[in-house]
Structures are given as structure tokens and as C-alpha cells.
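Reading through the C-alpha cells given below for one structure.
The values are calculated or read from the model by the stated rules, or taken from the named source; none is laboratory data. This structure is a prediction, so every number in the text was calculated from the model and none was measured. Every residue, glycine among them, receives a Cβ derived from its backbone with ideal geometry; neighbour counts consider all protein chains shown.
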Amino acid sequence: MSFLGAALLCVLTVIGWFAQLVGLPGNWVIVACAAVYAWSIPADAPLAISWQVVIALALLAVLGEVVELVAAALGVAKFGGSRRSAVLALVGSVVGGLVGLFVGLPIPLIGLLSAAVLFAGIGAMAGALVGESWRGRDFDDSFEVGKAAFVGRLLGTLAKMVISSTMVVVTLAALLF
């Protein structure tokens, strides 16, 4: 039974990692799955993971959120963007990431992932541009904020994916050792 649970945990952890690319809370999926696994598999089972591992994963997930938000906020704030622009950039990045999944669908794996990340950045740029235009700023200033949101989103995604990859390694290592 624990082998089947461990296999399911591995699959769900990888799904959480992929979900992270499009702006969905994949790191929290990893934490939730590890918590359910730790709760349901006895601590003395061969493939058990400890609650310390779950806590470490939760701390990594929090770190990922902080890093991503700081990167995106710094990108928008660097050019005097508003909170509205930051929120719309976040919404635009999620929508863009989901659209990117469908655009990149014809190209196996690499096209899917790169399109999701690229479109998430484009969505962040569009959201920030709309937010700044809504605020009454001219197009050139709004576009500068949008470009900063694009770069901030890409850097935030990169940093969060490094953290998410670390979470996958920690989860797999906890199962194996």
C-alpha cells in the first residue's frame, strides 16, 4: 500500500511542479499532497515521510511566494506602477499562462512549457499596461511599467521554479532515504 501511495505522491508532486509554470499554486499542491501522505502512511513504514519534511516543504512554498511577489512588485514599482497594475499583472499572468498552454500544445513538452511561461509574462505585461492606462498614464509610461512587469514575472517564475524543483527533490529524497 505504501508503494502505491509513494508513486501517487511522486506523480502529484510532478503535476504540482508543472502547475507552477502557469501561475497555479503548484507548490501548495506539493505541500498538501505531502501532508496527506505523511498523515496517511505510518511513520514506521519503509516509504514514510516525516512531518519535518512537510514543514520544510511549506517553508519552501512560502519562500517561493515571497520571491515571486517581490520580483513582480519590484518590476511594476520600478517604473512607478500602481497597485492596480500589480494586481492586473498577476491576473494577466495566470490567464496568459493558461492561454500559453493551449498555444504551445502542438509542440510536445518544450513548446508547452515555454509558451506557458512566455504567455504568463505577456499576460503580466498586458495587465500592467491596462492598469496604468486605466490610471490615466500615457501609453509610453504604461508600456514601460508593462515591460517591467514582464521581466519581473519571468524572473519571479524562474526563481519560483528553482524553489519548486527543490521541493520535488526534497520530496523524492524523503521517500528514498
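All of (1) at pLDDT 95 or above; (2) in a loop (DSSP other than H, G, I, E, B) hold for Ala48 with one exception: (1).
Looking across the range 93-122, just one residue is in contact with a helix residue (DSSP H, G or I) (Cβ under 6 Å, 6 or more places away or on another chain), more than 16 Å from Phe150 (Cα to Cα) and of a type outside the set (A, V, I, L, M), and that is Gly104. Is there a residue in the range 9-26 that is at pLDDT 95 or above, assigned to a helix (DSSP H, G or I) and farther than 18 Å from Thr166 by Cα? Looking for residues that are at pLDDT 95 or above, assigned to a helix (DSSP H, G or I) and farther than 18 Å from Thr166 by Cα, one finds none in the range 9-26, hence no. Residues in the range 98-114 that are within 18 Å of Gly156 (Cβ to Cβ) and at pLDDT 85 or above were compared, and the one that is surrounded by the fewest Cβ atoms within 10 Å (Cβ to Cβ) is Leu98.
For the range 79-88, the set of residues classified as in contact with a Lys or Arg (Cβ under 9 Å, 6 or more places away or on another chain) and in a helix (DSSP H, G or I) consists of Arg84, Ser85, listed by residue number. Exactly one residue out of Ala128, Ala89 is closer than 25 Å to Val145 by Cβ, buried (at least 21 other Cβ atoms within 10 Å of the Cβ) and more than 16 Å from the chain's Cα centre (by Cα): that is Ala128. Restricting the first member to the range 74-100 and to residues that are in contact (Cβ under 8 Å) with a residue 60 or more places away in the chain, and the second to residues that are of a type in the set (Asp, Glu) and part of a helix (DSSP H, G or I), the beta-carbon pairs closer than 6 Å and six or more apart or on different chains are Phe79/Glu144; Ser85/Glu132.
Residue count for the range 148-164 satisfying the condition of being touching a Phe, Trp or Tyr at 6+ places or on another chain (Cβ under 7 Å) and at pLDDT 95 or above: 1. Looking at the structure I just gave you, is Val76 at pLDDT 85 or above and assigned to a helix (DSSP H, G or I)? So Val76 fails the test.
Just to be sure before I move on: is Leu158 under 17 Å from Leu90 (Cα atoms) and without any contact (Cβ under 8 Å) to a residue 12 or more places away in the chain in the structure I sent? Taking the combined requirement at face value, the residue satisfies it. Which residue is nearest to the chain's Cα centre (by Cα), if the candidates are limited to the range 51-68 and must be surrounded by fewer than 17 Cβ atoms within 10 Å (Cβ to Cβ) and touching a residue at least 24 places away in the same chain (Cβ under 8 Å)? Top of the filtered list is Glu65.
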